[in-house]
1. Taking interchain pairs and intrachain pairs at least six residues apart, which have beta carbon atoms under 8 angstrom, with the first residue in segment 107-135 and over 28 Å from residue 11 (Cα atoms) and the second open to solvent by 50 Å² or more (accessible area, probe 1.4 Å) and assigned to a helix (DSSP H, G or I)?
2. If the requirement is being modelled with pLDDT of 95 or more and in contact with a Gly (Cβ under 8 Å, 6 or more places away or on another chain), which of these qualifies: 95, 81, 116, 126?
3. From the list 73, 82, exactly one residue is among the small types (Gly, Ala, Ser) and over 27 Å from residue 136 (Cβ atoms). Which is it?
4. Does segment 13-25 include one or more residues that are assigned to a helix (DSSP H, G or I), at pLDDT 95 or above, on the phi < 0 side of the Ramachandran plot and more than 12 Å from the chain's Cα centre (by Cα)?
5. Could you look through segment 60-95, keep only residues that are open to solvent by less than 40 Å² (accessible area, probe 1.4 Å) and part of a helix (DSSP H, G or I), and pick out the one that is farthest from residue 32 (Cα to Cα)?
6. If I filter segment 96-124 down to residues being of a type in the set (A, V, I, L, M, F, W, C) and more than 22 Å from residue 26 (Cα to Cα), which single residue comes out as least open to solvent (accessible area, probe 1.4 Å)?
Amino acid sequence: GMSGMAGQAIPRQKVVYHINSDDARLQSLALGNMQNHINAIGKDNIDLKVVLHGDGLALLLYPEALARTKMRAANANEEAQAKISGLKSLGVQFQVCATTLKGRNVEIKDLYDVDQKDLVPSGVAQVGILQSQGYSYVKP
């Protein structure tokens, strides 16, 4: 059990989850992995960021917005939204590639719960920046 850990300070983990696939099943698994990760070590012991670019933006794209974009999938249905909200309430930050928005003709309003402060100039560069700041890389 966990009894051996009692009273021991767990060093704070810094983790970046990198999502660039529009496979709804994979995305759902990734959200589940994040939840399990937080449950395992506690929300106060983790700084978790999700970087989405390319096809990965499908996770946050409203299905009704799909037709106006150059995306192939839009997976932000009610179930995904509920999972994302839950993760955000635990401190998870979702970062969105601005280059993808431009290239795929996606507007911020087409995405679930995204605003200007969630944008990063380049998703790929952001993953590299976070790694250089000591974030562990997870590719679900």
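The values are calculated or read from the model by the stated rules, or taken from the named source; none is laboratory data. Here the structure is a predicted model, which is why all the values come from computation and not from measurement. All Cβ positions, glycine included, derive from the backbone under ideal geometry; neighbour counts span all protein chains shown. Areas reflect the complete protein model, heavy atoms only, side chains present, ligands, DNA and RNA absent. Shrake-Rupley method; radii C 1.70, N 1.55, O 1.52, S 1.80 Å.
1. 108/116; 110/68; 113/88; 121/99; 122/99
2. Working: 81 fails: in contact with a Gly (Cβ under 8 Å, 6 or more places away or on another chain); 116 fails: in contact with a Gly (Cβ under 8 Å, 6 or more places away or on another chain); 126 fails: in contact with a Gly (Cβ under 8 Å, 6 or more places away or on another chain).
Of 95, 81, 116, 126, the one residue that is modelled with pLDDT of 95 or more and in contact with a Gly (Cβ under 8 Å, 6 or more places away or on another chain) is 95.
3. Details: 82 fails: over 27 Å from residue 136 (Cβ atoms).
It is 73.
4. As a first pass, look at segment 13-25 and keep what is assigned to a helix (DSSP H, G or I): 24-25.
Those still in the list that are at pLDDT 95 or above too: 24-25.
Now drop any that are not on the phi < 0 side of the Ramachandran plot, which leaves 24-25.
If we keep only those that are more than 12 Å from the chain's Cα centre (by Cα) too, we end up with 24-25.
Checked against the condition, which is being assigned to a helix (DSSP H, G or I), at pLDDT 95 or above, on the phi < 0 side of the Ramachandran plot and more than 12 Å from the chain's Cα centre (by Cα), segment 13-25 yields at least one hit.
5. The first filter runs over segment 60-95 and keeps only residues open to solvent by less than 40 Å² (accessible area, probe 1.4 Å), leaving 60-61, 65, 69, 71, 73-76, 80, 84, 86-87, 92, 94-95.
If we keep only those that are part of a helix (DSSP H, G or I) as well, we get 65, 80, 84, 86-87.
Details: 65: 25, 80: 10, 84: 10, 86: 11, 87: 10 Å.
The residue in question is 65.
6. Keep residues of segment 96-124 that are of a type in the set (A, V, I, L, M, F, W, C), which gives 96-98, 101, 106, 108, 111, 114, 119-120, 124.
Restricting the remaining residues to those that are more than 22 Å from residue 26 (Cα to Cα) gives 98, 108, 119-120.
Details: 98: 35, 108: 45, 119: 40, 120: 12 Å².
Of everything passing the filter in segment 96-124, 120 is least open to solvent (accessible area, probe 1.4 Å).
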